[in-house]
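Derivation of every value follows stated rules applied to the coordinates shown; laboratory data play no part. These numbers come from a predicted model, not from an experiment. Every residue, glycine as well, gets a Cβ built from its backbone with ideal geometry; the counts of neighbours run over all protein chains shown.
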Amino acid sequence: MRFISFLALFFGLAYGAIWLHYLGFDRAKKSQELEKIASKMRHIEPSLSFKGASYKEFVYDN
Amino acid sequence: MITRNLIEYSIILLFKDRSDHLFSFLIFTFIVTLLSAVLFISDSLQSDLVESVKFQPDIVVENTLAGRAFKLSEEDLERVAELAGVSAVEGVVEGRYYFAQQRIWFDIKSDPSLSIAQMSVGAGVREAMRAQHYEDEFNFFTPKGKFTLKIINTHSPSTHLLSNGAIYVHPINARAILGFGLEEYSKLYVSVPNPNEVGDIALKIDQLLPTAKATPKEDVMAGYQHLFYYKGGIFMILYLVCMVSFLILLKNQIGLVYGEKKREIAILRSIGYGIREIIAMKFIQNGVVALSAFGMGVLIAYVYVFVAQAPLLRLIFLGSELSHRVELTPIVDLNLLFLLFVFSVIPFMAFVILPSWKVAIADMSEAVR
């Protein structure tokens, strides 16, 4: 039983920490910055830096 | 009935066979970590893109000549503007500039808010320029000669996905760098007030300018929704690695019931343990392993992707030509995690519980002999 309690405590603390990280991320600020730059570009395209098209096609569909 | 004693005895047996259970735990954790990390990265990138499409024009027109991107003229712009249903057409100048010293390409984008002597750059571009000792200024080499612009701003890692490889300059400078004339454009942004007319107008533009391609907003959005090549490439390799690992894991799980373990079950049966207790013990042991491994896998993947910003794996998704100071938005798709849980934990448990039940109901004297 002690082992199960220890496991529950470990995962409880670890998931608590990542939950705090998840909630602590400033989404509003990021969204604002993305909007600011997107408003200049309008038609947005991801800024990728592959060596060639075949490298990109390894991951992306188009 | 699962009693406290049964749970404690199951845990004792779990530690007795710790090498087998540790092997299962490690393989299971590896599979969950790998799948979760890739899902986290792809979801995060996709979410940032979808977040940024608010200003997407209704139709984007791009021209080609002999299969290559080509300029659009002022005359093309006027012909599109005259179409019924079109409220405005904006010509933009964008393109790519080859930085020969580093042998990499930069994306040149127009930004009218900048003054004529200034430019702002993405973090990856800044790093590449610094490598050639361009600290505050950068020289562009064009067919008409060299000209210098001052770097006034480096975009933050939070806009990395849009800006990392981009240089933003005044439209006049964009024309000079890319060799465009005053009445030439690389793209046209068409505004259509009635959303129901967008498809028809895109078709009309295709007919009007036969070498051009008009892409409606809906197609662009659909492209962002189906961004990744799930049927092949890295995802296919990922599926294969996970499938092979899972088969090894299941083989190990079956091994936990046959051989010496079969004898163990037979002894438990002969000293009075019922079939239900034996199955409950196996369920507790493997439930602890499966839940711990799944929990640990998701935990490691989260920390790797959203805290450490996915070193190495991000290069597969973003390319390795420029450096990436990225800030991935934490996005956790619980539906996909649940699906992963169902398709991993249930077979894992089934592959030990079903053989245990089969052994437990068999003739005990045969197994003990």
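What 222 nm value per residue comes from the helices of chain B, counting each DSSP H run with n ≥ 4 as -39,500 (n - 2.57) and dividing by all residues, nearest 500 deg cm²/dmol?
Details: 14 runs with 196 residues, N = 369.
Using -39500 (n - 2.57) per qualifying helix, the result is -17000 deg cm²/dmol.
Find how many whole Å separate the alpha carbon centroid of the stretch B:148-220 from the alpha carbon centroid of the stretch B:111-134.
19
Considering only B:265, B:207, B:39, whose Cα is most displaced toward the positive end of the charge dipole of the protein assembly as shown, charges sitting on Cβ of Lys, Arg (+1) and Asp, Glu (-1)?
So the residue we want is B:265.
Enter the angle in degrees (range 0 to 90, nearest 10) between the Cα long axis of helix A:2-24 and the first principal axis of the Cα atoms of chain A, meaning the one along which they spread out most.
For helix A:2-24, the angle is close to 30 degrees.
Set the Förster distance to 45 Å, then compute FRET efficiency between residue B:83 and residue B:135 from the Cβ-Cβ distance, nearest 0.05. Walk me through the intermediate numbers first.
On the way: r = 48 Å, r/R0 = 1.07.
In this case the efficiency is close to 0.40.
By a straight-distance test (C-alpha under 12 Å), which aspartates and glutamates pair with residue A:30 as possible cross-link partners, with residues fewer than eight away in the same chain excluded?
Those aspartates and glutamates meeting the cut-off are B:48, B:51, B:327.
Of all DSSP beta bridges located in chain B, what percent are antiparallel, nearest 5? Don't jump to the answer; show the numbers that get you there.
On the way: 33 of 41 bridges.
Just about 80 percent of them are antiparallel.
Rank the residues B:304, B:168 as a footprinting-exposure proxy: fewest other Cβ atoms within 10 Å of their Cβ go first.
The order, fewest Cβ neighbours first, is B:304, B:168.
How big is the dipole moment of the stretch B:146-240 about its Cα centre under a simple scheme where the beta carbon of each Lys and Arg is +1, that of each Asp and Glu is -1, and everything else is neutral? Debye, nearest 20, please.
Details: 8 positive and 7 negative charges, 91 e Å.
Magnitude of the dipole: close to 440 debye.
Of the listed peptides B:24-31, B:118-125, what is their order by residue-averaged count of other C-beta atoms within 10 Å, with the highest listed first?
Values: B:24-31: 20.4, B:118-125: 25.2.
So the order, starting with the most tightly packed, is B:118-125, B:24-31.
Need one value for B:192-199: mean number of C-beta atoms belonging to other chains within 10 Å of its residues' C-beta atoms.
Values: counts 0, 0, 0, 0, 0, 0, 0, 0.
What the average comes to for B:192-199 is 0.
Estimate the FRET efficiency between residue B:98 and residue A:21 by the formula 1/(1 + (r/R0)^6), using the beta-carbon distance for r and 30 Å for R0, to the nearest 0.05. Could the numbers behind the result be given before it?
Numbers: r = 40 Å, r/R0 = 1.34.
For residue B:98 and residue A:21, the calculated efficiency is 0.15.
Provide a whole-number value for the mean count of partner chain Cβ atoms within 10 Å of the Cβ atoms in peptide A:8-15.
3
Against the longest alpha carbon principal axis of chain B, how many degrees, from 0 to 90 and to the nearest 10, is the axis of helix B:4-16 turned?
With rounding to tens, the tilt is 70 degrees.
Which of B:189, B:158, B:142 sits closest to the plus end of the dipole of the stretch B:99-191, meaning its Cα is farthest towards the positive end, when Lys and Arg get +1 and Asp and Glu get -1 on the C-beta?
B:142
Using packing as a proxy for protection, rank B:50-62, B:255-267 so that the peptide with the highest average count of other Cβ atoms within 10 Å comes first. Please report the intermediate quantities before stating the final value.
Working: B:50-62: 19.2, B:255-267: 17.1.
For the peptides B:50-62, B:255-267, the packing ranking is B:50-62, B:255-267.
Can you give the angle from 0 to 90° between the axis of helix B:198-208 and the longest principal axis of chain B, with both taken from C-alpha atoms, to the nearest 10?
Approximately 50 degrees, to the nearest 10.
Between B:312, B:330, B:118, whose Cα lies farthest towards the positive end of the dipole of the protein assembly as shown when Lys and Arg beta carbons carry +1 and Asp and Glu beta carbons carry -1, centred on the Cα centre?
Of the options given, the answer is B:312.
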